[in-house]
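Here's the structure we're looking at; comments come further down.
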Number of protein chains: 2
Amino acid sequence: MYKMDQAACKNWRETPLHLRLEKLEFLEEDDFSKLDALLAYREEADPGEWVVQEDQETDRTYVLLNGWMFRFKTFEDGRRQILNFMLPGDIIGLHSLMLRRADYGAEALTPVHMAVFPSSDLVNSLANAPRLLLALSWIAGQSERLLDEHITRVGRRGAVERMAHLLVELYVRMRRIGAELDEARALPLTQEIMADALGMSHVHANRSFRTLCRDGSVAFVDGRPTIIDVIKLAQRGNFEKTYLEQPEVPDDVERASKVLPGTN
Amino acid sequence: MYKMDQAACKNWRETPLHLRLEKLEFLEEDDFSKLDALLAYREEADPGEWVVQEDQETDRTYVLLNGWMFRFKTFEDGRRQILNFMLPGDIIGLHSLMLRRADYGAEALTPVHMAVFPSSDLVNSLANAPRLLLALSWIAGQSERLLDEHITRVGRRGAVERMAHLLVELYVRMRRIGAELDEARALPLTQEIMADALGMSHVHANRSFRTLCRDGSVAFVDGRPTIIDVIKLAQRGNFEKTYLEQPEVPDDVERASKVLPGTN
DNA sequence: CGCAGATTTGAGATCTGTCAAGGGATGTGG
DNA sequence: CCACATCCCTTGACAGATCTCAAATCTGCG
């Protein structure tokens, strides 16, 4: 799903973001055409490339079409904390809409394709597409939940549990956007990346990962951390099924949204 | 500032949220009157009272007018992680707009006054007040930055540094919403609350706090953790000045916002 | 006074970080 | 093809940080 070639997603409505938004029944044809206008311009980046510089002033919003990225913060002394992973269909810098400085960096983890537009464009589209903005706030709400969970993971889970929990989350998110089993199981992560995400040293990340390997829930395949037994991994990580279930849109919101004015 | 009595803030535009939004120059009289309509209904809660139940289905949005609250997650085995602290002017459940279930709880830390409205009301108001929605997304962006910082704090800072950093953040946020020095210095926290926020045991929270006491940067006054020397505390916490500076609204967004349609 | 909740301290067990070294895969240039 | 560099994974040993358990102290309150 997220592997579609560039040509395919450049030409029509096949981006993961589209697929995600199609679940919102109140969106109309008109909203999608406005979205298309926003997503017209595309950029690419290679692994390790910085898309957003830390502390850089920016007014750009990115929609990840293909590949993985992550947001992070670094300290002067070299410490780094990864804030979250961005998968196809995720949006970076929605809030940069109103905040001039990005106090985080964003880096490509794999080769990526992105749609890019200046935040002020969003403001303009927004004027006559309130339903679209609602849809974007839905996306934003989902990623804020992920931040909540990440705080809990880093703050209150032991090292092995923490790693298991993260891997399951990534697996579930990949599956949710339509990735095949094999794609969702083989994660494009190094142990150092996992360590920086989980707030531990890379040495300890290795020990934790090896523990999971001995349990038979994960393994290294072709140089990638790979999930072998999701059930076992989820148990090891105390992963709650309810978390990350496809969020539904409440009926009243659905109803209220349908009467929002369109273009005309 | 956040100590205003209920009568005062019930009758006119003196809530911390109003004061915060007044900094957005593109908002017009009309937007504020729509906001007033949303904020008409008020509720109160006592310390320890749960305002949002974990995993409860909810369609309500809260605007904190007065006092402190926090959001949290708990585990079956009793572990608890505090996700963030809400100060006057903060909004709880903006994203519950589109997500039915709250996967966190929210609890009053002091006696609180809140404005409450059903999320669907927001959708309705939003239809003809795009500027107001922009303003709310500005608020949402700010609190998302706080989550980022909290992840970094919990993931990559040592115990003493972590505590110092949190205390300075709370102090700065209080000052930013207009609290007097004495109000901002005396924090309504117990050591157990700090421990749960910082992802450490309450025993270790005590040891870390005592260390800060010996440094002369904090003390216990009238049963409250109290900041004695902010400068020293900020140094101990590697607190960066740039972080939490009053975010400005980019010029182009400001310009684009001004031409958004008003009521009629 | 006596209770409940919060802080404080000590001691030992456990977890995690740091330092150091080695191995394996991949890619490049000679 | 080899030598070499680089990047990542792996392991051991030890130091340091943090947790748990347990008990003592303090404080506000009825």
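For the reader, a short list of remarks on this structure follows.
- Among the residues of the stretch B:122-160, the one identified as outside any helix (DSSP H, G or I), surrounded by 21 or more Cβ atoms within 10 Å (Cβ to Cβ) and modelled with pLDDT of 85 or more is B:157.
- Residue list for the stretch A:70-83, filter: under 13 Å from the mean Cα position of the chain (by Cα) and either among the hydroxyl-bearing types (Ser, Thr, Tyr) or within 8 Å of chain B (Cβ to nearest Cβ) (or both): A:71, A:83
- Checklist (1) more than 14 Å from DNA strand D (Cβ to nearest atom); (2) at pLDDT 90 or above applied to residue A:211, failing item: (1)
- Of all residues in the stretch A:84-121 being more than 9 Å from every other protein chain (Cβ to nearest Cβ) and among the acidic types (Asp, Glu), the one that is surrounded by the most Cβ atoms within 10 Å (Cβ to Cβ): A:90
- Among the conditions (1) part of a helix (DSSP H, G or I); (2) of a type in the set (D, E, K, R); (3) at pLDDT below 95, residue A:245 misses just one, which is (1).
- Evaluated against (1) free of Cβ contacts under 8 Å to residues at least 60 places away in the same chain; (2) under 17 Å from residue B:190 (Cβ atoms); (3) of a type in the set (Phe, Trp, Tyr), residue B:72 falls short on exactly one condition, (1).
- Failed criterion for residue A:200 (all others in (1) in a helix (DSSP H, G or I); (2) within 15 Å of DNA strand C (Cβ to nearest atom) hold): (1)
- Remark: pairs (first residue in the stretch B:192-209, within 15 Å of residue B:74 (Cβ to Cβ); second residue among the β-branched types (Val, Ile, Thr) and more than 9 Å from DNA strand C (Cβ to nearest atom); Cβ separation under 6 Å; 6+ apart in sequence or on different chains) = B:196/B:82; B:197/B:82; B:199/B:154.
- Residue check for residue B:225: within 16 Å of DNA strand D (Cβ to nearest atom), over 30 Å from residue A:100 (Cα atoms), at pLDDT 95 or above and surrounded by 19 or more Cβ atoms within 10 Å (Cβ to Cβ): yes
- The combined condition, being part of a loop (DSSP other than H, G, I, E, B) and away from DNA strand C (no atom under 16 Å from the Cβ), is fulfilled by residue A:178.
- Qualifying positions in the stretch B:181-192 - of a type outside the set (Asp, Glu) and within 8 Å of DNA strand C (Cβ to nearest atom): B:189, B:190, B:191
- Of all residues in the stretch B:163-203, those that are within 11 Å of DNA strand D (Cβ to nearest atom) and crowded, with 16+ Cβ neighbours inside 10 Å total 6.
- Considering each residue of the stretch A:54-66 in turn, at least one proves to be touching a residue at least 40 places away in the same chain (Cβ under 8 Å), assigned to a loop (DSSP other than H, G, I, E, B), in contact with a strand residue (DSSP E or B) (Cβ under 9 Å, 6 or more places away or on another chain) and within 25 Å of residue A:190 (Cα to Cα).
- All positions within the stretch B:54-69 that are farther than 22 Å from residue A:135 by Cβ and surrounded by 20 or more Cβ atoms within 10 Å (Cβ to Cβ): B:62, B:63, B:64, B:65, B:66, B:67, B:68, B:69
- Candidate set: the stretch A:34-58, residues that are at pLDDT below 90 and of a type in the set (S, T, N, Q); chosen: the one nearest to DNA strand D (Cβ to nearest atom): A:56
- Filter result (of a type in the set (Lys, Arg), out of contact with any helix residue (DSSP H, G or I) (no Cβ under 8 Å at 6 or more places or on another chain) and in a strand (DSSP E or B)) within the stretch A:67-110: A:101
- Boolean, residue A:150 is in contact (Cβ under 8 Å) with a residue 40 or more places away in the chain and within 15 Å of DNA strand C (Cβ to nearest atom): no
The values are calculated or read from the model by the stated rules, or taken from the named source; none is laboratory data. Predicted model only: the values in this text are computed from it and were never measured. Backbone-built Cβ (ideal geometry, glycine too); neighbour counts: all protein chains shown.
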